[in-house]
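Here the structure comes first, spelled out in structure tokens, and everything after it is commentary.
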Amino acid sequence: MNDTLLWYATRGAGVVSLVLLTGVVVLGIVSVMRWQTASWPRFLTTGFHRNLALTTLIFLEIHVVTAVVDPFTALGWEAALVPFSSPYRRFWLGLGVVGIYLLLAIIVTSLLRPLFGPRIWRAVHWLAYAMWPVALIHSIGTGTDPRFVWMLVIEAICVGSVIAAVAWRVSRGAPPTAWRQLPANAAQVKKWT
């Protein structure tokens with residue numbers, strides 16, 4: 001594989017990862033609000049959210065592997081696995097590694113949700129709100145593309161989408177969840193026994 005192809009693969013997979021990750025965050029916000037319509041039932045949002053997260057992992061893997069094997073950056077696996085250890089753009093690459101670990105924690109706890117329980121899963125899932133800006137800042141600081149208009153437009157759409165989803169969620173109030181009603185339901189059950 002020639003060096004130019006690796007460079008483009010790294011950049012392309014990084015941009016696609018950011019766009020997909022933005023979709024995952026937006027769908028996560030939508031699904032927590034139990035949003036649905038007649039033509040788009042809630043299980044579609046949840047399933048799409050899960051599959052989009054797994055697709056994001058695939059593109060993120062391509063991004064990391066091509067960056068590691070690209071001779072221009074000469075990162076090596078240590079820089080890809082140990083945050084802030086790279087001699088090349090240490091801080092910005094370190095943020096990318098931190099973002100990967102946050103994403104992996106979210107995915108592992110999601111796949112093993114029955115073992116962790118809803119409280120631990122929910123607490124770890126809140127890391128998504130930290131992971132997305134880390135990934136965005138990593139792309140701005142590491143990449144060579146933020147100087148191009150097309151990348152600025154992609155980043156603006158990503159930021160605008162997340163801000164719009166958060167604003168929509170805040171305007172709707174607390175999500176209707178059964179777990180908030182558990183203490184009240186438990187008290188009623190105890191009263192009747």
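The values are calculated or read from the model by the stated rules, or taken from the named source; none is laboratory data. Worth saying up front: this structure is predicted, and the values here are computed from it rather than measured. Backbone-built Cβ (ideal geometry, glycine too); neighbour counts: all protein chains shown. For the accessible areas, the whole protein counts, side chains as well, though only heavy atoms, and no ligand, DNA or RNA atoms are used. Shrake-Rupley method; radii C 1.70, N 1.55, O 1.52, S 1.80 Å.
You will find that of Phe72, Phe48, Phe84, the residue that is open to solvent by 40 Å² or more (accessible area, probe 1.4 Å) and modelled with pLDDT of 85 or more is Phe84 and no other.
If you go through the stretch 107-141 and keep only what is without any contact (Cβ under 8 Å) to a residue 60 or more places away in the chain and small (Gly, Ala, Ser), you end up with Gly117, Ala123, Ala130, Gly141.
Within the stretch 1-20, residues that are closer than 20 Å to Val159 by Cβ sit with their Cβ atoms under 7 Å from residues that are not in a helix (DSSP H, G or I), at 6+ positions apart or across chains, in these pairs: Arg11/Gly143; Gly14/Gly143. For the stretch 87-157, give me every one of the helices (runs of 4 or more DSSP H) that falls completely inside it and has 1 or more residues that are within 15 Å of Leu57 (Cβ to Cβ) and either open to solvent by less than 90 Å² (accessible area, probe 1.4 Å) or not hydrophobic (A, V, I, L, M, F, W, C) (or both). Passing ranges, in order: 90-111, 128-142. Against the conditions (1) at pLDDT below 85; (2) within 19 Å of Ile29 (Cβ to Cβ); (3) not polar (S, T, N, Q), Asp145 satisfies every one except (2).
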